[in-house]
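S.K.: Got a structure for you, questions after.
The values are calculated or read from the model by the stated rules, or taken from the named source; none is laboratory data. Predicted model, so just to flag it, every value in this text is computed and none were measured. Here the Cβ positions follow ideal geometry from the backbone for every residue, glycine too, while neighbour counts run over all protein chains shown.
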Amino acid sequence: MSEEKYIETININDYFELQDIIQGRRDYKDFRDRFIYRGINKKSYDLIPSSLRGDNILDYIDSDYKPSFNMKKEDVLKYGLNIENKTPDEEGFYEFKLNKYDQFENGVKLDNEYNLNQFKLVKEMHILFNFIFYSDRYGLKVPISSNIRKQSLNSIVDIPPIWPQEEYFEIISLAQHYDLPTRALDWSYDYKVSLYFAVRNVLYDEFSLETENNDGVLWAFNYTYFRSDNTKNDFKVQFYRPEYYSNPNLNAQNGLFTLVIDHDQECDERPLNEIIINELDNNRRIINNKIVYDIKGLEKFSIQEDEKIFYKFIIPRDIKTEILKELYNEGYSEEQLFPGYKGVTDYIKNKAKLDEIQNLTKYLKDYDSKMF
């Protein structure tokens, strides 16, 4: 089934059009109670968590990080490794070390997909444990179980059969919020919060109206079909709302997270929208002449004819300044979304820059009108 069955792309002309659509005033149902939102400042970016996005994770790993890796003899020979001075373990595995670039000591790069997925998980857990260790060391509150604490203190990377496990959700959410690469994607119940993140790059020095990729995207995801109160819910995508009381930023941004659950180092790197659509297509049934989705871990459901699972609002780069100004006027600015002194100083600086950009834009428009 085509993507259009589940996703509608809408090109936005101005802030008020977007507001009308989401609030149900332009031939759409009110989005606000059924959808969660994610803002992306460049339209080429997919709904892929940061730990699986290119080589992003390597920026957080020291160059001398070289964990051990066990292989059977046939794989050792395949990679041209020397086993003359090595003794296999009881199961016949030889131990070698890999650097963070997936290379062995002889410079040959690991290419086995299963083992690469396993090594990605090892690296991901390594930096998460570093986050736990150093946060705890410097007296910051770390929301972890005794089992996770033990592993982080002993630098043990015990690869679980399912990742991420529920006991990691809270610490992953915290680490993700502070830009550590994780398996979580952050969303908000409030579309204006997410819209802020889709347009704020207009303030960046490298932002250019000449670059088409600077168009933003506001994703709206009808997550109500995929939530479950079942404690044994084993649907591939899980939703997690972190503890707001312990983090004022998360509270201010009204956030929650999606996590794609992998089994046996599966490491699903597809965008979230592709994963959801695949689950829908593979579990589509016709019951009493009606399309019903029977997905393991969820209650059976049907999608109403006038609804989509995802809406993808394209935000043209040339209206980002206008939108950010409207958001500022409504209180969606740094001092509100990032409570504290840093948020206040960022707002003062960014508001001045936004005013400067608006004045320059107005001057150029007036100049063009006089010339032509």
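S.K.: List every residue pair whose Cβ atoms lie under 6 Å apart, where the two residues are 6 or more positions apart in sequence or sit on different chains, the first residue falls within the range 207-220 and is more than 16 Å from GLU322 (Cα to Cα), and the second residue, located anywhere, is among the polar types (S, T, N, Q).
M.R.: Close Cβ pairs satisfying both conditions: ASN213/SER44.
S.K.: Let me ask you something else. Sort through ASN147, ASN106, ASN117 and tell me the only one that's in contact (Cβ under 8 Å) with a residue 40 or more places away in the chain and out of contact with any Lys or Arg (no Cβ under 9 Å at 6 or more places or on another chain).
M.R.: ASN117
S.K.: Consider LYS320 carefully, then state whether it is within 23 Å of GLY255 (Cβ to Cβ) and touching a strand residue (DSSP E or B) at 6+ places or on another chain (Cβ under 7 Å).
M.R.: Considered against the rule, which asks whether it is within 23 Å of GLY255 (Cβ to Cβ) and touching a strand residue (DSSP E or B) at 6+ places or on another chain (Cβ under 7 Å), LYS320 comes out as yes.
S.K.: From the list ASP264, ASP306, ASP268, ASP234, which residue is acidic (Asp, Glu) and either within 19 Å of TYR189 (Cα to Cα) or under 18 Å from the mean Cα position of the chain (by Cα) (or both)?
M.R.: ASP268
S.K.: Would you mind stating whether THR182 is of a type in the set (Ser, Thr, Tyr), buried (at least 21 other Cβ atoms within 10 Å of the Cβ) and part of a loop (DSSP other than H, G, I, E, B)?
M.R.: yes
S.K.: Of all residues in the range 165-206, which are within 26 Å of ASP318 (Cα to Cα) and among the β-branched types (Val, Ile, Thr)?
M.R.: Hits for the range 165-206 are VAL193, VAL199, VAL202.
S.K.: For the structure I just gave you, tell me whether LEU121 is crowded, with 18+ Cβ neighbours inside 10 Å, closer than 30 Å to THR9 by Cβ, of a type in the set (A, V, I, L, M, F, W, C) and touching a strand residue (DSSP E or B) at 6+ places or on another chain (Cβ under 7 Å).
M.R.: So LEU121 does not fit the description; no.
S.K.: Scan the range 99-154 for residues that are aliphatic (A, V, I, L, M) and more than 20 Å from GLU266 (Cα to Cα) and report the count.
M.R.: The qualifying residues number 7.
S.K.: Could you check GLN23 against (1) more than 27 Å from GLN304 (Cα to Cα); (2) out of contact with any helix residue (DSSP H, G or I) (no Cβ under 7 Å at 6 or more places or on another chain) and say which number it fails?
M.R.: With (1) more than 27 Å from GLN304 (Cα to Cα); (2) out of contact with any helix residue (DSSP H, G or I) (no Cβ under 7 Å at 6 or more places or on another chain) applied to GLN23, the lone miss is (1).
S.K.: Can you go through TYR168, TYR196, TYR189 and tell me which one is touching a residue at least 12 places away in the same chain (Cβ under 8 Å), touching a Phe, Trp or Tyr at 6+ places or on another chain (Cβ under 7 Å) and not basic (Lys, Arg)?
M.R.: From the options TYR168, TYR196, TYR189, the qualifying one is TYR196.
S.K.: For the range 219-265, give me the residue count where each residue is at pLDDT below 90, more than 26 Å from LEU18 (Cα to Cα) and not charged (D, E, K, R).
M.R.: 13
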